[in-house]
Every structure is written in C-alpha cells, then in structure tokens.
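**Q** Here it is, the structure in full.
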Amino acid sequence: VDPPPPHLAGRISFHRLNIKNDSRLEGLIKMADLTINLAAICTPADYNTRPLDTIYSNFIDALPVVKYCSENSKRLIHFSTCEVYGKTIGSFLPKDHPLRKEAEFYVLTEDESPCIFGPIVKQRWSYACAKQLIERLVFAEGAENGLEFTIVRPFNWIGPRMDFIPGVDGPSEGVPRVLACFSNNLLRREPLKLVDGGESQRTFVYIKDAIEAVLLMIENPARANGHIFNVGNPDNEVTVRELAEMMTEVYAKVSGEPPLEEPVIDVSAKEFYGEGYDDSDKRIPDMTLINKQLGWNPKTPLKDLLETTLT
C-alpha cells in the first residue's frame, strides 16, 4: 500500500497490485461501489511485436475484474477503444466511389457499426480483437447475470503527460503514440515520421473534455448503465500528415524555434512498426448516444488543445 499524497490523505487509499494474480483484487472490488477498469497494454507499437502480452492484458487479465464485479453486484465502467471498429465499410470501396462520401459508410455508431479487422497474419489487430471480446463478455454478463456496466470507447484522447518521451521519461527504444512520437521529434529537431504517407485520418479530443464525459457516466448510473459510449470529437478530424503540419506550426510558436527545412519524412509501416502491421482508415465517432443519454459534447478545438499540450 502506497501512502497517498498529503492533499488526498483520508480521501483516497492507494493499492499497487498486479490484477493477474493478486488475491486482494476481489476484496478491493467488494469494498467499492464502482470499479473503473483502465488496465491494458494500449500502445500501437506493441500490437504486432508483443501480440501475446497484448491479448492477455486486454482480455485474459481483465476477466477476473469483470467476474468479481458481476458476482458481487458491483457496477463496472470498462475502458475499451475505438479500435474495436477496425476498418470502415467505406475503406473497401474504390477511392473515387461516390458512396465514400456517405456518412453511413464511415461514421462509427456504437450499436450499429460492424467491427471489421484485417487478416490473422496482421497481428496489429490483436489489440482490437481482444478488446472486442472483453466487450462481448461484459455485455453478456449484463444480459445473463445483471451486471451493471458502461463501456467507454475513447477516440484518441490527448493532452499533457499522456505518454512517454523515449529516453526522457520512458524507454529509449520505445515507440509511444503519435502525439508523443511527433513531440519527441520536435524536441530533438528531427523530421516527423509519417507512416505510409500519413494518409490515415483521426479525430482527437482533449483529455479534460473526455474526463467530463466519464464523470457524467459515474454520476448518472441510470442513464449510463447498459450503454457503450463513443467519447471523441468529430470536429477535430485530420490526417496524420495534417496533424504533423499543425504540430510543427504550434511547436514553432510556443518554442520560438524555426521549423526544419524538411519537417516530415515518409516511412513504411513495416519499417516503423515491424512485420504484421495494418491500420484503420478513418475514425469518426457518432456522438448521438452520449449526447442523448448524458448531454455531453466536446468543446476544445484541435489547435487549442495542441497549444496547451505542447506548451
């Protein structure tokens, strides 16, 4: 048991344990009214290089948490991922096909959109597949055994301290998520590496906005239980290349350093992530359900949150 920081003394008790094999887990869940499960390997560079660890951490190791919540009638908020959607239907259409512009072929809706993954040899999908299976188990516990649950699907939450900078506050050989990768390049005055041209499209939401959404789930169990919620910002959509350009511009503004003459370079997915990598094309969340149930909408524009994060 670690002592809490002075300003939290008496309010929060901290317990450091491995959920795989610590006998205290069930007792701690029994003591609580609510369990929020965020334990996972969730760094894309690990999905095809450490697929077994990825599958175990996101499915096998989460099983006891779900089981103890269900058996002891405790509410569960389980963190999943937007990656469970995989590829969009639109990605399988020819690039110039008019249906690619129709929202139903790329906007991702919790209770309607299919989950489309790549072939088994593309081990990048180990993460998404494990996350989908634990979602199905949580949902089944709710249907058969009355588990009160909410599932959160984050769409690229970003903000200060969200990830490690290789060799600074993390392993020197590690590959963090895109924001930290680009931040690392900017700090070292190196070109930002664009995987396969940076054509993939992403939406980004500010961590403070996202936490507001989670607090609403905590405070409104009657409106949140039994639901899966997208938590993202569809207004903050950019290609990874556009993100690199924005971050280069914002960093020059906040640091006072001029951008490099060649601020980006293209690399292949195999070169950057290794064999077995694959990617989703677009991730645009449908926000209808969370707005209807909890009245939540994201607020922070992408440029503002990048300035806050890089300052």
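**Q** With the structure loaded, tell me whether M217 is surrounded by 19 or more Cβ atoms within 10 Å (Cβ to Cβ) and at pLDDT 90 or above or whether it fails that test.
**A** Values: surrounded by 19 or more Cβ atoms within 10 Å (Cβ to Cβ): yes; at pLDDT 90 or above: yes.
Answer is yes for this residue.
**Q** Which one is surrounded by the fewest Cβ atoms within 10 Å (Cβ to Cβ) among residues in segment 27-37 that are among the aliphatic types (A, V, I, L, M) and more than 18 Å from E219 (Cα to Cα)? Write out each step before concluding.
**A** Step one: filter segment 27-37 for residues among the aliphatic types (A, V, I, L, M), giving 28-29, 31-32, 34, 36.
When the remaining residues are screened for being more than 18 Å from E219 (Cα to Cα), the result is 28-29, 31.
Details: L28: 15, I29: 20, M31: 10.
Here the answer is M31.
Listed here are the residues, each with its yes/no results for (1) on the phi > 0 side of the Ramachandran plot; (2) crowded, with 21+ Cβ neighbours inside 10 Å; (3) aromatic (F, W, Y); (4) in contact with a Gly (Cβ under 8 Å, 6 or more places away or on another chain).
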| position | (1), (2), (3), (4) |
| --- | --- |
| E190 | no, no, no, no |
| K193 | no, no, no, no |
| V205 | no, yes, no, yes |
| K208 | no, no, no, yes |
| E212 | no, no, no, no |
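**Q** From the list E110, E148, which one is within 27 Å of A62 (Cα to Cα), of a type outside the set (S, T, N, Q), at pLDDT 95 or above and more than 17 Å from the chain's Cα centre (by Cα)?
**A** On the way: E110 fails: more than 17 Å from the chain's Cα centre (by Cα).
Answer to the check: E148.
**Q** Quickly run through segment 237-263 and pick out the residues that are open to solvent by less than 40 Å² (accessible area, probe 1.4 Å) and either among the charged types (D, E, K, R) or under 27 Å from the mean Cα position of the chain (by Cα) (or both). I'd like the intermediate steps shown before the answer.
**A** Going through segment 237-263, the residues open to solvent by less than 40 Å² (accessible area, probe 1.4 Å) turn out to be 238-240, 243-244, 247-248, 250-252.
Hits for segment 237-263 are V238, T239, V240, L243, A244, M247, T248, V250, Y251.
**Q** What are the pairs, 6+ residues apart or on separate chains, where a residue within segment 92-109 that is without any contact (Cβ under 8 Å) to a residue 60 or more places away in the chain has its Cβ under 8 Å from a residue that is open to solvent by 50 Å² or more (accessible area, probe 1.4 Å) and among the aromatic types (F, W, Y)?
**A** Note: pairs meeting the criteria are R100/Y106.
**Q** Here are some conditions: (1) open to solvent by 60 Å² or more (accessible area, probe 1.4 Å); (2) of a type in the set (K, R); (3) part of a loop (DSSP other than H, G, I, E, B). K282 meets all but one. Which one does it not meet?
**A** Unmet condition: (1).
**Q** A further question on this structure: With the requirement that a residue be without any contact (Cβ under 8 Å) to a residue 12 or more places away in the chain and either of a type in the set (K, R) or under 25 Å from N297 (Cα atoms) (or both), what does segment 243-282 give you?
**A** Passing the criteria: only K270.
**Q** Tell me which residues, restricted to segment 34-80, are more than 14 Å from F149 (Cβ to Cβ) and part of a loop (DSSP other than H, G, I, E, B).
**A** L38, A39, A40, I41, C42, T43, N48, T49, R50, F59
**Q** A further question follows. Considering only residues of segment 73-96 that are exposed (fewer than 14 other Cβ atoms within 10 Å of the Cβ) and not basic (K, R), which is modelled with the lowest pLDDT?
**A** Taking segment 73-96 as the starting set, the residues that turn out to be exposed (fewer than 14 other Cβ atoms within 10 Å of the Cβ) are 73, 92, 94-96.
Checking which are not basic (K, R) leaves us with 73, 92, 94, 96.
Numbers: S73: 97, F92: 92, P94: 90, D96: 87.
In this case the residue turns out to be D96.
**Q** Within segment 285-301, does at least one residue satisfy the condition of being farther than 30 Å from I77 by Cα, open to solvent by less than 30 Å² (accessible area, probe 1.4 Å) and part of a helix (DSSP H, G or I)?
**A** First pass over segment 285-301, keeping only residues farther than 30 Å from I77 by Cα: none.
Taking every residue of segment 285-301 in turn, none turns out to be farther than 30 Å from I77 by Cα, open to solvent by less than 30 Å² (accessible area, probe 1.4 Å) and part of a helix (DSSP H, G or I).
**Q** Still on this model: List every residue pair whose Cβ atoms lie under 8 Å apart, where the two residues are 6 or more positions apart in sequence or sit on different chains, the first residue falls within segment 184-199 and is within 19 Å of A45 (Cα to Cα) and assigned to a helix (DSSP H, G or I), and the second residue, located anywhere, is open to solvent by 40 Å² or more (accessible area, probe 1.4 Å) and among the polar types (S, T, N, Q).
**A** Final answer for the pair search is D196/S268.
**Q** Of the residues L147, L99, L108, which single one is more than 29 Å from R50 (Cβ to Cβ), surrounded by 22 or more Cβ atoms within 10 Å (Cβ to Cβ) and of a type in the set (A, V, I, L, M, F, W, C)?
**A** On the way: L99 fails: surrounded by 22 or more Cβ atoms within 10 Å (Cβ to Cβ); L108 fails: more than 29 Å from R50 (Cβ to Cβ).
On inspection, the qualifying residue turns out to be L147.
**Q** So is K20 farther than 27 Å from I116 by Cα and modelled with pLDDT of 95 or more or not?
**A** So K20 does not fit the description; no.
The values are calculated or read from the model by the stated rules, or taken from the named source; none is laboratory data. Worth saying up front: this structure is predicted, and the values here are computed from it rather than measured. Counting neighbours? That spans all protein chains shown, and the Cβs are built from the backbone with ideal geometry, glycine included. Accessible surface is based on the protein model in full, side chains and every heavy atom, while ligands, DNA and RNA are left aside. Shrake-Rupley method; radii C 1.70, N 1.55, O 1.52, S 1.80 Å.
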